[in-house]
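Please read the structure below before turning to the comments.
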Amino acid sequence: MLRYPGVFDDPKHTQVAVIDAATGAITLRTQKLDRNCSTYPSMRAPIWDGADLVFIAEDHGNVHLYRVAADGSGEPRLVVGGEREVTGYDVVAGRLAFAATEPTMLPELFVCPEGDGRGDDANAGEGGGTSAGGGGQAQPARRLTHVGDAFAAGRELVAPERFTATAPDGTPVEAWVMKPAGARSGIRYPLLLNVHGGPFTQYGNGFFDEFQVEAGGGYAVVYCNPRGSSGYSEEWGRAIRGPGAAGPGWGSVDYDDCLAVVDEALRRFDFIDPERLGVIGGSYGGYMTSWIVSHTDRFKAAVSERAVNSFVSMWGSSDAGWDMKGYFGSFLYEDVATYLKISPLTYAEHIRTPLLILHSENDLRCPIEQGEQLFVTLRLLKRPVEMVRFPVESHELTRSGSPLHRVQRFALVLEWFDRYLKK
């Protein structure tokens, strides 16, 4: 089973556990791995394979497959690794099959050699990597499908380059940069900083339509996993709890990390124009976008999507507002000051960056009033702001919304950034 141990103590790593059928006792099997053994959205529960359990874990932007002995003997062992994200898997009669994606490869199906997929290593091979059998020579996993080849063949898909930035307190932050499609030597291009949702999720080494559309639109793309992200140690994920004794809270070291990544990208990559910077994000990434532009004017345009802008009103309108105690350490009625302190709306009068607010009318996680409050405030302040409402759609617009609205959303994003970063 998968077990999430947090109760108003977020975030915690989801762990693989075994339940004793007779006593009900729960024993964790993946604590030594110190990685989150799940994804968002959740993939599936661990699979029995003989005396072992096969499961996934997030690791430095990748999603890998592991196995661990159900009786607790031995430590978790890497089965399928490499610079990629596993998106699905199954084991039948000891044969492991999995789906995986890479930054320039749409998800495809692979199968490990018979009797393989039981070892300690699985480094990336061409188009699918390898799996290692019990102590033997690693053999390439066989790719069974080429579903995405026709789509990819007609487009220039841009591969990212990984780099590391250093935050003001000396903390290293992992990040990636993508050149614009068709980039030419000696030309500088506008940059879009993308901030992921969560915050306990990760960006990484899978095909992501948003990055490719932005690169195809003529933008350099930068993204990172600031403190608060999953895919690293549990300490890293819990680094933005608070504010208070538990930590500094949202909009603290995560903000520092994002800006440090932009600074390092500008220092390293001469194809980025330092005068044409944009920022975009959804959910927590929308929060961070609103927070960034309310604390600095260095970005020339921003898109805040399905954001939480006021934790005070989110408390009673969201399907999860009450759960913010897991981060903040208190309910709203116990500490209103904290909920105000970390809300971007509190600092809205400082926003002068042209801001596009995108929100779905049926969003239950970050209800549409979150976008409306920031929009009305900025309109009264006579700041450059526009808001687009998507009818019917939920918090999952960019992932599972209607194709029509997803295409419209891409057009809106590119038009907004073109307006302010390309003229």
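The values are calculated or read from the model by the stated rules, or taken from the named source; none is laboratory data. What you see is a predicted model; the values in this text were computed from it and never measured. Cβ atoms come from the backbone with ideal geometry, glycine included; neighbour counts cover every protein chain shown.
I need the full set of residues from the range 154-182 which are within 21 Å of the chain's Cα centre (by Cα), surrounded by fewer than 19 Cβ atoms within 10 Å (Cβ to Cβ) and farther than 13 Å from VAL253 by Cα, in order please.
Answer for the range 154-182, where residues must be within 21 Å of the chain's Cα centre (by Cα), surrounded by fewer than 19 Cβ atoms within 10 Å (Cβ to Cβ) and farther than 13 Å from VAL253 by Cα: ALA159, GLU161, ARG162, PHE163, THR164.
Starting from the range 328-355, keep only residues that are within 18 Å of GLY251 (Cα to Cα), then list their pairs with residues that are of a type in the set (Val, Ile, Thr) and surrounded by fewer than 15 Cβ atoms within 10 Å (Cβ to Cβ) whose Cβ atoms are within a distance under 7 Å, requiring at least 6 positions of separation or different chains.
If the second residue must be of a type in the set (Val, Ile, Thr) and surrounded by fewer than 15 Cβ atoms within 10 Å (Cβ to Cβ), no pairs are left.
Any chance you could count how many residues in the range 216-264 are assigned to a helix (DSSP H, G or I), in contact (Cβ under 8 Å) with a residue 24 or more places away in the chain, of a type in the set (A, V, I, L, M, F, W, C) and touching a Lys or Arg at 6+ places or on another chain (Cβ under 7 Å)?
Of the residues in the range 216-264, 1 are assigned to a helix (DSSP H, G or I), in contact (Cβ under 8 Å) with a residue 24 or more places away in the chain, of a type in the set (A, V, I, L, M, F, W, C) and touching a Lys or Arg at 6+ places or on another chain (Cβ under 7 Å).
Go through (1) at negative phi; (2) under 19 Å from the mean Cα position of the chain (by Cα) for GLY231 and report which single condition fails.
All conditions pass for GLY231, except number (1).
Read through the list (1) over 19 Å from VAL7 (Cα atoms); (2) touching a residue at least 60 places away in the same chain (Cβ under 8 Å); (3) touching a strand residue (DSSP E or B) at 6+ places or on another chain (Cβ under 9 Å), then give the number of the only condition that TYR287 fails.
(2)
Among the residues that make up the range 289-297, is at least one of them at pLDDT 95 or above, part of a strand (DSSP E or B), among the hydroxyl-bearing types (Ser, Thr, Tyr) and within 25 Å of ASP418 (Cβ to Cβ)?
No, the range 289-297 contains no residue that is at pLDDT 95 or above, part of a strand (DSSP E or B), among the hydroxyl-bearing types (Ser, Thr, Tyr) and within 25 Å of ASP418 (Cβ to Cβ).
Scan the range 1-29 for residues that are surrounded by 14 or more Cβ atoms within 10 Å (Cβ to Cβ) and in contact with a Leu (Cβ under 9 Å, 6 or more places away or on another chain) and jot them down.
ARG3, HIS13, THR14, GLN15, VAL16, ALA17, VAL18, ARG29
Answer yes or no: is there a residue in the range 5-24 that is part of a strand (DSSP E or B) and charged (D, E, K, R).
The answer is no; no qualifying residue exists.
Pick out the one residue from ARG67, ARG35 that is assigned to a strand (DSSP E or B), closer than 27 Å to ASN205 by Cα, outside the structural domain of PRO199 (by TED's automatic domain parsing) and of a type in the set (Lys, Arg).
The conditions single out ARG67.
Here are some residues: PHE271, PHE211. Which one is among the aromatic types (Phe, Trp, Tyr), surrounded by fewer than 20 Cβ atoms within 10 Å (Cβ to Cβ) and modelled with pLDDT of 95 or more?
Selected residue: PHE271, the only one of PHE271, PHE211 that is among the aromatic types (Phe, Trp, Tyr), surrounded by fewer than 20 Cβ atoms within 10 Å (Cβ to Cβ) and modelled with pLDDT of 95 or more.
Regarding the range 251-268, can at least one residue be identified that is over 21 Å from ALA348 (Cβ atoms) and either touching a helix residue (DSSP H, G or I) at 6+ places or on another chain (Cβ under 9 Å) or assigned by TED's automatic domain parsing to the domain that holds HIS13 (or both)?
no
In this structure, does PRO180 turn out to be over 23 Å from SER233 (Cβ atoms), part of a loop (DSSP other than H, G, I, E, B), modelled with pLDDT under 95 and not small (Gly, Ala, Ser)?
No; evaluated as a whole, the condition is false for this residue.
Specify which of the listed residues (VAL303, VAL312, VAL293) is over 22 Å from the mean Cα position of the chain (by Cα), assigned by TED's automatic domain parsing to the domain that holds GLU349 and more than 19 Å from PRO248 (Cβ to Cβ).
Only one candidate qualifies: VAL312.
Show the residue pairs that are 6+ apart or on different chains and have beta-carbon atoms under 8 Å apart, the first residue being within the range 137-148 and at pLDDT below 90, the second being surrounded by fewer than 13 Cβ atoms within 10 Å (Cβ to Cβ).
These pairs meet every condition: PRO140/GLU126.
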